[in-house]
Amino acid sequence: MEINYEELGLRVGLEIHQQLDTASKLFCSCPTKLFEGSEEGVTRIERYLRIAKSETGEIDPAAIYEYMKGRKIIYLVPRGHVCSVELDEEPPHELNREALTVAIGIALGFKSKIVDEVHVMRKIVVDGSNTTGFQRTAIIALGGEVLDDEGVVRIQTICLEEDAARKVGEVDGAVVYNLDRLGIPLIEISTAPDIRSPEQALRVASKIGIMLRLTGKVKRGLGTIRQDLNISIKGGTKIEIKGVQRLELLPKIVEYEVMRQLKLLEIRDELIKRGVRKEDITSNIYDVTEVFRDTKSKLIRDKLRAGCKVYACVLKKFKGLLKVEVQPGRRFGTELADYAREWGGVSGIIHTDELPGYGISDAEVHNLFKFLNVDEGEDVIVITVGTEDRCTRALKAVIDRARDALSGIPKETRVANEDGTTRYMRPQPGAARMYPETDIPPITIDSRIINEALKYVPKDPNTVYEELISKYSLSPEISKQLIRSPYFIYFYDLVRELSDEELTPQYIASLLTIHLRSLKSEGVPTENISIEVIKDVLNTLKRGEISKDGVIQILKEYALDPKKPIEELIKKYSKVDVNEVIKIVSKIIESNREELIKRKDKAFNIVMGLAMKELRYRVDGRIVADVVRNLIRDLGQG
Amino acid sequence: MPSTEFSREGIVILKLSNGYNVGISIKDAYVEVVKEGYVKTYTEEGGGTSTYVRGSSDSLISIVSTGGTIVSRVEYETGAVKPALTAEDLIDFIPELKDLGSIEVIDLYRILSENMTPKHWSSIAEVVGKKILSGVDGVVVAHGTDTMSYTASALAFALRNLPQPVVLVGSQRSSDRPSSDSALNLLAAVITSLNAPFGEVVVAMHGTISDNYVLVHRGVKVRKIHSSRRDAFQSINDIPLAKVIFPDKRFIMINNRFLSRCRKDELILMPKFEEKVSIVKAYPGIDPEIIDFLVDRRFKGIVIEGTGLGHINDSCIESLRRAVEEGVVVVMTTQTIFGRVNMNVYTTGRKLLLSGVLPGSDMLAETAYVKLSWLLANFNDLDSVKKLFTKNMVYEINEVHEDYLYPRWYHGD
Ligand SMILES: [Zn+2]
């Protein structure tokens, strides 16, 4: 679909959340490292959250109340990562000074105005990802800007906040979170809705990302930076999309959301054309198990055997609309199914727009319409299989969502899928209810902390780029790649500590960019390679104990099996001298003598192949070739 | 926004449209007054006014609100703490309460529990007594947690022959937090008040840090043993009377040693408490003059929180002997928390007994303090006071300590 974003009045705002690499969490002394062991045997606690109806700050307070009611939350409490503060069993300690200093440094880098006194607030969060039911967050600075080719994008606020718990699964309708991540300091940079195109969203996000990295005080790796977006078009609704972990996805997400909003508006118009009114969509939920008594559908049969029932609701005059694709691979029916899953904890819904199917016969579909006495030519029946309680909740949510289709696009918080499409997550809070965090005294920003923060102020990426070219003689292409590389911040250290005539800055730069990237594209998990390992290996290279080819091979094998001691790999690929080569080649010839004599014309290739298997990366191939050539000359004469 | 007690001078706190507060210096700033407003302040007296919400069952539950975390809410606009509760507030937060019965909330006090005094115990006892006599089906007292077990003990002695349970309830996380323990605790308190077979004063609080059950502790045997955890309240030298399991709200008894409900006409109200009673903690450098001072100031009772089996530095014995001679009732408890006083084992203990110090058996120091205060106010002759002090009245003394009464900690395995 060719879309003219300017005409549609596209407005995108970004919220970039980046974990800071501080020694301890924002409000306690726990480390900021995630738990990596097995979840087995880890302590679990169970909680429920609730909020007074009048305090939800919702347009529809009942909705949010219902959402939280009876929703069991299970927290994993790994030892060494979580204390009473994360458990909400102890008041927060004072705000982490290191995190505050870094945040101020970052804010100064964006020309943002630092507040005089920091007030920590509680922002109500209802999904259980915070044990308290709120996230602690504080504005550190206001205003600022990011320069972009399409114009200046304003920054609204820079906040310091605690990261939420890590969702690790769901069991029987309960959500499971690991508390290790809860409380890690996050900096949140929110832009104004000044972004006008999908590509601009990517450019601005990556520019902010680079600036953050340039502080040297942010965490690396998947999940340490997360992008939220708010997207709107003229006549549409401002939709929040949470938790985009891959930068590259941003343009697609914007594009697909615009597509979704346009489609939903089309559906609305069609419903209006068909004369559907809200009251036509009744709240009745029916037990239709009878219709499926002898069904051939394995899906339904299995569940009926387990004691479940089939429930149905009717969407009057919706026929055909549930088939409408709103995003690639996602139909309007999929949107309804999201609601059923989120609210009822059912595995999904089946609707008559997609029937016959799932082993449900034509006859059964007819019977279903007859059973409920509704019009097969106009209406849609949605069914779901499960317990009464869950199915009722699920279908009630479906009905509510269908009613919302009459007004267009409901206000939602959505979450990004891997392919750039999004799915419903929860109702969108109205004006976020913010309470002062009365357990933490306000913090005065004085010149001392500002001075301390100066060392974290990131340079402007353009300045850095030009410096790389002029000072280190890197090519523009490598410079660009290097700035984006996760290892970029180590480049200066490596050059300072290691570079000499052989080990040039250019070599170091291309190792950190081209070579590691090509390993990654081979599928090697390069995130396992720590900067310490790179330093070790480069030091060995500097001492002349391994070859440059060896460097890549060692890093590759290490990344594939990071438990192996690096010394072992270094030994495996240590350089050998000519005498050693002669010894090895002689041995190969000796043990293959007969075959070599038989296939004399192929002898060189055979010996070379075997020798290189043993000597690859340890010695220059040309030296091996010379030795082989010399030694096979005597073949057949001895 | 009103400034906080921590804010620096010259800083104004602004609430931005996104809900955040920030502090901005007004030095060299241009300030224009657009509108004036004020922050509501609250007195400590609720005056006993009551609010009422009709429920869907026939029962009537009276909730006496005395203050503390459980009834206070932070107002999100100002950050001010509203220290009182109405029945509507309560139902707004815990709509399920309506299924249990009609709810009446009596706004008696709005004080933090550290500010409670024996005078407050007396009026709480009177209000509770009146409510019971008026025929309500359940009585619950919402109370701050710091001294909740003192008030529970006080009510346990002041309300003799209870025809129904009196349930004290508090919370460790205020009700304005979605993670508050107050909803579960309150539900459990109301369920207990309606269903329990006993006529005792109890405390209903979280049993673990999960929301899986609430324990119902005997008021005279419970102690807050953690400064912040929601399972801070645990029974000491006894087991809880009952638990209420969630989410199914099932009430089950776990202790078969309890005072059964009496007839309503058997209820006797004895709400007086002697204020001239003190607790003295024994410590290595203790100066006997502390005891002399209390005697000179005409204190009528002294509870010693002794070391180990019930000891105090030898240097104090002379002062204690004098105290007893002058008519002060001196009793001994132990600061070890768990276990029983036994003053026959070591010389110091024997000397103390000879001086007239009464052993408090396995009573908690705070229970002994409340009991002594109550005895001194309600019985005129010292002999009755002394005799009743060492005698079990409401299971404040447990003669049998089985092994499982003592908790287990993490020991590396
Ligand atoms: Zn912690």
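The table below gives the values:
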item	result
Over 29 Å (Cα to Cα) - which of B:K300/B:K351; A:K411/B:K98; B:K98/B:K130 fall in this group	A:K411/B:K98
Share of alpha-carbon pairs per 10 Å distance bin for region A:336-407, given as whole %	20, 46, 33, 1
Charge tally in the Cβ shell below 13 Å around A:R305, where Lys, Arg are +1 and Asp, Glu are -1, A:R305 excluded	+3
Cα long-axis angle, helix B:182-195 against chain B (0 to 90 degrees, to the nearest 10)	60 degrees
Radius 13 Å from Cβ of B:T86, net charge of other residues (Lys, Arg +1; Asp, Glu -1)	-2
FRET efficiency, B:T347 to B:S260 (Cβ-Cβ, R0 45 Å, nearest 0.05)	0.55
Sequence of B:F389, B:F258 when ordered by accessible area, the most exposed leading, probe 1.4 angstrom	B:F258, B:F389
Accessible area, probe 1.4 Å, largest first, for residues A:D194, A:D536, A:D577	A:D577, A:D536, A:D194
Net charge of Cβ neighbours under 11 Å - reference B:S153; Lys, Arg +1; Asp, Glu -1	+2
Ranked packing of A:600-607, A:330-337, most packed first, by mean Cβ within 10 Å	A:330-337, A:600-607
Added length on full extension, which subtracts the Cα-Cα distance from 0.36 nm per residue, A:E270 to A:S475	68.2 nm
Members of region A:132-160 that become less accessible by 20 Å² or more once partner protein chains are added (1.4 angstrom probe, chain alone as reference)	A:T132, A:F134, A:I139, A:L142
Aspartates and glutamates with Cα under 15 Å of B:K272, excluding same-chain neighbours fewer than 8 positions away	B:E126
Inverse of mean 1/r across different Cα pairs in region B:277-389, Kirkwood, Å	13.6 Å
Chain A, relative contact order [Cα under 8 Å, separation at least 6], %	14 percent
Acute angle (nearest 10 degrees) that the helix A:488-498 long axis makes with the longest principal axis of chain A, alpha-carbon atoms	20 degrees
Hz values of 3J(HN,Hα) by residue in region B:364-377 - Karplus curve (6.51, -1.76, 1.60), Gly and Pro given as x	5, 4, 5, 5, 4, 4, 5, 4, 5, 4, 5, 4, 5, 7
Two-decimal Rg/Rh across region A:459-570, once Rg and the Kirkwood Rh are taken from alpha-carbon atoms	0.96
Accessible area (Å², 1.4 Å probe, nearest 10) - A:V82	20 Å²
Accessible surface of B:Y109 - all protein chains present, 1.4 Å probe, nearest 10 Å²	20 Å²
Chains A and B, summed buried accessible surface - 1.4 Å probe, Å², nearest 100	3900 Å²
Distance (nanometres) between label positions extended 7 Å along Cα→Cβ at A:E568 and A:R97	4.4 nm
Radius, Kirkwood style, for region A:520-638 when every pair of distinct Cα atoms is counted (Å)	15.8 Å
Full-stretch length increase - B:A29, B:F379 - with 0.36 nm per residue and alpha-carbon distance subtracted	119.2 nm
Alpha carbon convex hull of chain B, volume per residue in cubic angstrom	202 Å³
Using alpha carbons only: equivalent-ellipsoid semi-axes of region B:45-269, gyration tensor based, whole Å	23, 20, 18
Neighbour-limited loop hits for trypsin sites (Lys or Arg not before Pro), region B:45-153 (at most 16 other Cβ within 10 Å; DSSP other than H, G, I, E, B)	B:R54
For the protein assembly as shown, alpha-carbon Rg and Dmax in angstrom	36.8, 128
Surface share of carbon and sulfur [accessible, 1.4 angstrom probe, percent] for region A:578-633	51 percent
Exposure of A:T224 as accessible area (Å², to 10), given a probe of 1.4 Å and all protein chains	10 Å²
Translational diffusion coefficient (Stokes-Einstein; Kirkwood radius from C-alpha pairs) of region A:277-405 at 10 °C, 1.306 mPa s, in µm²/s	110 µm²/s
Sequence ranges A:299-311, B:279-291, ranked by mean other-Cβ count within 10 angstrom, highest first	A:299-311, B:279-291
Over the protein assembly as shown: helical MRE at 222 nm, DSSP H runs n ≥ 4 each giving -39500 (n - 2.57), nearest 500	-10000 deg cm²/dmol
Reach of A:K316 by Cα under 17 Å, taken over aspartates and glutamates that are not fewer than 8 positions away in the same chain	A:D269, A:E270, A:E279, A:D280, A:D353, A:E354, A:D375, A:E376, A:E378, A:D379, A:D400, A:D404
Entries of A:K25/A:K113; B:K264/B:K387; A:K238/A:K520 with Cα pairs more than 32 Å apart	A:K238/A:K520
Accessible heavy-atom area order of A:Y75, A:Y487, highest first, probe of 1.4 Å	A:Y487, A:Y75
Scattering profile of region A:578-633 at q = 0.26, 0.27 Å⁻¹ [log10 I(q)/I(0), Debye over alpha-carbon scatterers]	-1.03, -1.11
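The values are calculated or read from the model by the stated rules, or taken from the named source; none is laboratory data. What you see is a predicted model, and the numbers here were worked out from it, not measured in a lab. FYI the Cβ positions are ideal-geometry reconstructions off the backbone, even for glycines, and counts take in every protein chain you see. For accessibility, only protein heavy atoms count, side chains too; no ligands or nucleic acids. Shrake-Rupley method; radii C 1.70, N 1.55, O 1.52, S 1.80 Å.
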